[in-house]
Amino acid sequence: MPNNTRLTYNDLLDRLADLNALSLKPQPGERGGCVSSFDRRSRYIPEEDRYADWDANDDGTGFVRKLDDGSVVALELEGPGALVRSWSAMPSDGHIRIFIDGELAVDTPFIRYFTGFGQDFAPGNTPDVCPRISRGYNSFIPVPFQKGIRVEFAPGWGMYYHFTYALFPDGTLMPPYSDLFTRAGRIALAKLDRRLHARGMSAFTPSIRATVQAGGSVSLYEADGSGALTSFQLKPREAGSANDLLVLMYWDGEAEPSVRAPLPELFGTVAGDHPFASYPCGYVGGTYYTRWHMPYADGARVELVNLGDKPTDIEADILVEACPGASDRLRFHASWTRGGFDGLDRPRFEPGGDRWPDWPMLRVSGGAGRFCGVHLRVLDRFAYPGGMKPGEWWFGYDGCERLDWWWGEGDEKFFVDGEKFPSTFGTGSEDYFGYAWAAEPPFALFDSPFAAMSAMPLDGNGITSACRFHVADNVPFQRSFEAFIEKYKGERWGESNRCSYAATAYWYQAAGAENAVRLPTREEIMDIE
């Protein structure tokens, strides 16, 4: 039967700030992904069931096909759907042309797509919907289409692009793109921008005070029946003690927790005083907060475990709302991992293997869900093997070169429902987080509604904390989902160098789905301090 759901432009804007909707089961035909300028040498060979040039890294100029006039097609999709995020590291004066349902709707220099006026509208007037992040251009302004969309670039357009899309079930009725430029559309966009600008924690009035003894645990919240956690704020006595605390959340009497992560990383940062504010979570004034919508139908328990050797005092506040229909909602999940290679053909992921340098952030199956983001902690410690030498490009700092590589080159790759080639294939880790050109110090700290970097040494040598959240651009799946990010260096390389990752993935999945990621140990957590 036809769907016949009618979406307005306000509906598309509301998707950017509606955390509750993430717990709704994806409908058949609902899909998401990202088309980028990744190096097209990377490919899957079905006849041999293997991948070729999987580590190819010339990611600036890839495209779908070339046209006779020298233009390139960057994206082609059939609708109904919408572009929900656009990004570039180097937009220039060559035109971007967007054809919506076969009609030319946008024809402007690519740089002006992010910064200029179009139909008397400036994206820069909504800086939280269109954040410029450390040289990366981002736009979350939706571009809807009914039958299809094609994006072309004329010569001189620049380098590097991402277009993240959402596709809706057949029969969904989409609004015209021109609705953005009406008075009502621009006012709605301005209201959304202010809502995102006001992100952060609410007034912190702790209702829970507890001491978590060394090696012990406390229950912060227990309930029978149904409901939904809508706000969780927590303040440890000392910010530096937070990595000793593990947060576990159980829904509906499950034996294994759906949420299992070190305290700081569940909230999108690392231990220490690293303030930031994103829309779903953050760390402000010594207090961690999250606004993820967490439904349960038959009881819930939130537990705090102290893995350290000293007691820790905490204050907390948890808000709960009624949640009609909770039994039909997806459950919130978050799991911390140092790389879940269990069940994979490990040699294929090692140097020389056809899947190298993919590093697994999340692999789940057994039911429908939505992938909603990741926090990545990177330990990068290095000394240039040959000592300092005159800087050329990589890490050219004080006229000397520190290193000849950059962890941010790793592309993200998301495989949905068993697909062999990922429907999301990025151009670099820094690009995934929304910034750009970060291989040379000094490195920037930033926050924005959907991405943040709260920790990064000036010279890049040490702990990095980066997070990216998918709200309007969540990735629906019906059966399974796998998220990888490229990691080019081993845990230890050269004489004394380290490159270690820890990822906390956030997703929603049907109640009762198995979570194969095991509980982390204190040794694993502290190993990348």
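The values are calculated or read from the model by the stated rules, or taken from the named source; none is laboratory data. Note that the structure is predicted; figures quoted are calculated from it, not measured. As a convention, Cβ positions derive from the backbone with ideal geometry for all residues, glycine included, and neighbour counts pool all protein chains shown.
Checking P80, P123, P91 one by one, the residue that is in contact with a helix residue (DSSP H, G or I) (Cβ under 7 Å, 6 or more places away or on another chain), buried (at least 21 other Cβ atoms within 10 Å of the Cβ) and modelled with pLDDT of 95 or more is P91 and no other.
Looking at region 267-379, what strands (runs of 3 or more DSSP E) fall wholly within it and have at least 1 residues that are touching a Gly at 6+ places or on another chain (Cβ under 7 Å)?
So the answer is 281-284, 287-290, 294-296, 300-306, 312-321, 358-365.
Taken as a whole, the condition of being over 28 Å from P422 (Cβ atoms) and not in a strand (DSSP E or B) applies to D128. Taken residue by residue, region 459-469 has no member that is small (G, A, S), crowded, with 21+ Cβ neighbours inside 10 Å and under 30 Å from P28 (Cβ atoms). Considering only region 94-103, I want to know if a residue exists there that is surrounded by fewer than 19 Cβ atoms within 10 Å (Cβ to Cβ), in contact (Cβ under 8 Å) with a residue 60 or more places away in the chain and not in a strand (DSSP E or B). Within region 94-103, one or more residues are surrounded by fewer than 19 Cβ atoms within 10 Å (Cβ to Cβ), in contact (Cβ under 8 Å) with a residue 60 or more places away in the chain and not in a strand (DSSP E or B).
Does T205 satisfy the criteria of being touching a residue at least 60 places away in the same chain (Cβ under 8 Å), among the polar types (S, T, N, Q) and not in a strand (DSSP E or B)? Taking the combined requirement at face value, the residue satisfies it. Would a scan of region 334-352 turn up a residue that is under 17 Å from F477 (Cα atoms) and either touching a strand residue (DSSP E or B) at 6+ places or on another chain (Cβ under 6 Å) or surrounded by fewer than 18 Cβ atoms within 10 Å (Cβ to Cβ) (or both)? Yes.
In region 180-189, is there at least one residue being among the hydroxyl-bearing types (S, T, Y), in contact with a Gly (Cβ under 7 Å, 6 or more places away or on another chain) and not in a helix (DSSP H, G or I)?
No, region 180-189 contains no residue that is among the hydroxyl-bearing types (S, T, Y), in contact with a Gly (Cβ under 7 Å, 6 or more places away or on another chain) and not in a helix (DSSP H, G or I).
Listed here are the strands (runs of 3 or more DSSP E) enclosed by region 411-529 that have at least 2 residues being of a type in the set (D, E, K, R): 412-416, 480-486.
Within region 214-237, the set of residues being over 17 Å from R260 (Cα atoms) and either loosely packed, with under 13 Cβ neighbours inside 10 Å or among the aromatic types (F, W, Y) (or both) comprises A214, D224, G225. In region 240-261, of all residues being small (G, A, S) and crowded, with 18+ Cβ neighbours inside 10 Å, the one that is farthest from N20 (Cα to Cα) corresponds to S241. Taking the stated definitions as given, is E491 among the acidic types (D, E), more than 20 Å from R370 (Cβ to Cβ) and within 15 Å of the chain's Cα centre (by Cα)? When the stated conditions are applied, E491 does not pass them. Is at least one residue of region 10-30 in a strand (DSSP E or B) and buried (at least 19 other Cβ atoms within 10 Å of the Cβ)? Within region 10-30, not a single residue is in a strand (DSSP E or B) and buried (at least 19 other Cβ atoms within 10 Å of the Cβ).
Each row is one residue, and each column tells you yes or no for (1) outside the structural domain of H293 (by TED's automatic domain parsing); (2) in contact (Cβ under 8 Å) with a residue 12 or more places away in the chain.
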site	(1), (2)
C130	yes, yes
I133	yes, yes
G148	yes, yes
G158	yes, yes
G171	yes, yes
Y177	yes, yes
K191	yes, no
Q213	no, yes
S231	no, yes
